[in-house]
Amino acid sequence: MDIERIAVHESAGQAFPIPALVESLSSLSVPVERTTDGETYGPGDCVVTFSPREAFLDAAWIHGVRAGYDEFDTAAYEASGTALTNSTGIHGDTVPETVVGYLTMFARRLHVYRDQQRERVWDHEAYEVPFTLTGERVCVVGLGTIGQGVARRADALGMDVVGVRRSGDPVDGVERVYTPDELGAAVDDARFVVLAVPLTDATEGLVDAAVLDAMPADAYLVNVARGDVVVEEALLSALADESIAGAAIDAYWEEPLPEDHPLWGYENVVMSPHCAAFTNHYHEDIAGLVRENVERAMRGESLRNRVA
Ligand code: NDP
Ligand code: 7N6
């Protein structure tokens, strides 16, 4: 594959300042430039982008700046011969640190106190409410870059860690690894269930009413994967019926989440606007992946993180 230009599509600006990525890639021998909708692409182009566009199918290679590539039509990429790579591998600190934050908020009740601070209220939760993460069980569903980062941190905090992955292969710090068909058993004594799977045909609606019912009434759901991994109505019912203790959500069924969505109204729901991965060095992490693959392409080697 001969790469003659790196085009950074304007949509990548949702994840980092585009000039910062252009600067980080300036050591490459090919020109790097920002492109907007309306641009056409050719067989010498690599396009770095947040979202898919029809015109990208004329390029040689598209690099998605997200780990999730569920918005891309992989069959169309395979049919056109355009390579598609994703950004899995760079979220092993950001998203897991955010997850530890959610877990700590719930155990130590920090979300309640932050809300009270706004109202200048001096009050504390009832004696039986606060707990410690130490000794509590977390079930991490999806044990890749993010899941392993969560598991390692939870283990270091003294939590009892179990997990779920397709292969069932063991992971350091994870006491027991279940396969997807055992999800109900994996969550049934967890205090926290953390979702870190890609959105695929197999994971769409994975967390339904049956899985939420299997979770203990004092358990919290954490979704840093994609909204559609959870059945929206089932989660809303579980929260309304208090059949789970609460949820922390970073990924939604519709983004931005509409202002009138019921999720906004729950004190026991912590919401972040799909920013669990945000960090001030995201552009450098993306530059590292792109640089490595440009060099591989020039040596005629296969691309890292190729998904189509
Ligand atoms: P990885 O590819 O590294 O890991 C994915 C994991 O999910 C693997 O362990 C895989 O199993 C497991 N998995 C896949 N299908 C299933 C299934 N049907 N049942 C159970 N486990 C399954 O991905 P990342 O950790 O980098 O990212 C995971 C997802 O998180 C992304 O696809 C994206 O949607 C989301 N994400 C969200 C972010 C945010 O900002 N909130 C940031 C980055 C990612 P196995 O190991 O056996 O292959
Ligand atoms: C944006 C990351 C992903 O899949 O959903 C995340 O990587 C978005 C910085």
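None of the figures in this text is laboratory data; all of them are computed from the coordinates on show. Since the model is a prediction, treat every value here as computed from it, not as a measurement. Please note: Cβ atoms are built from the backbone with ideal geometry, for glycine as well, and neighbour counts cover all protein chains shown.
Computed over segment 10-72, the P(r) tail beyond 20 angstrom holds 24 percent of alpha carbon pairs. In segment 224-308, taking the dipole from charged Cβ atoms about the Cα centre, the farthest positive-side position among ALA240, PRO258, VAL307 is held by VAL307.
Overall dimensions of segment 93-271, expressed as equivalent-ellipsoid semi-axes from the Cα gyration tensor (√(5λ), whole Å, largest first), are 25, 20, 15.
Taking a quarter of the surface of the Cα convex hull of segment 1-127 gives a mean projected area of 11.5 nm². About its Cα centre, the chain has a charge dipole of approximately 1040 debye under the convention of +1 per Lys or Arg Cβ and -1 per Asp or Glu Cβ, with nothing else charged. Taking segment 54-171, how much of its Cα-Cα pair set, in percent, is spaced more than 22 angstrom apart? When every Cα pair of segment 54-171 is considered, 55 percent fall beyond 22 Å. Three principal axis extents of segment 103-180 based on alpha-carbon atoms, in descending order, are 50, 21, 21 Å.
Helix 94-108 axis versus longest C-alpha principal axis of the chain: approximately 10°, rounded to the nearest ten.
Put a plus charge on the Cβ of each Lys and Arg, a minus charge on the Cβ of each Asp and Glu, and nothing anywhere else: the dipole of segment 116-203 about its Cα centre is then about 340 debye.
Three principal axis extents of segment 139-231 based on alpha-carbon atoms, in descending order, are 31, 28, 21 Å.
Database remark: amide H of VAL269 closer than 5 angstrom to the amide H of ALA247 (H placed geometrically; neighbours at sequence offset of 5 or more, or on other chains; Pro and chain starts carry no H). Dividing the summed -39500 (n - 2.57) terms of all DSSP H runs of n ≥ 4 by the residue count of the chain sets its mean residue ellipticity at 222 nm at -8000 deg cm²/dmol.
Placing +1 on the Cβ of every Lys and Arg and -1 on the Cβ of every Asp and Glu, with no other charges, gives segment 93-271 a dipole of roughly 720 debye about its Cα centre.
When the alpha-carbon atoms of the chain are used, the pair Rg, Dmax equals 21.0, 65 angstrom. Rounded to the nearest 10 degrees, the inclination of helix 145-156 to the longest alpha-carbon principal axis of the chain is 40 degrees. Calculated on the alpha-carbon coordinates, the convex hull of segment 211-295 measures out at 129 cubic angstrom per residue. When the chain is described by a simple charge dipole with +1 on each Lys and Arg Cβ and -1 on each Asp and Glu Cβ, the residue from SER29, GLY144, LEU57 located farthest towards its positive end is SER29.
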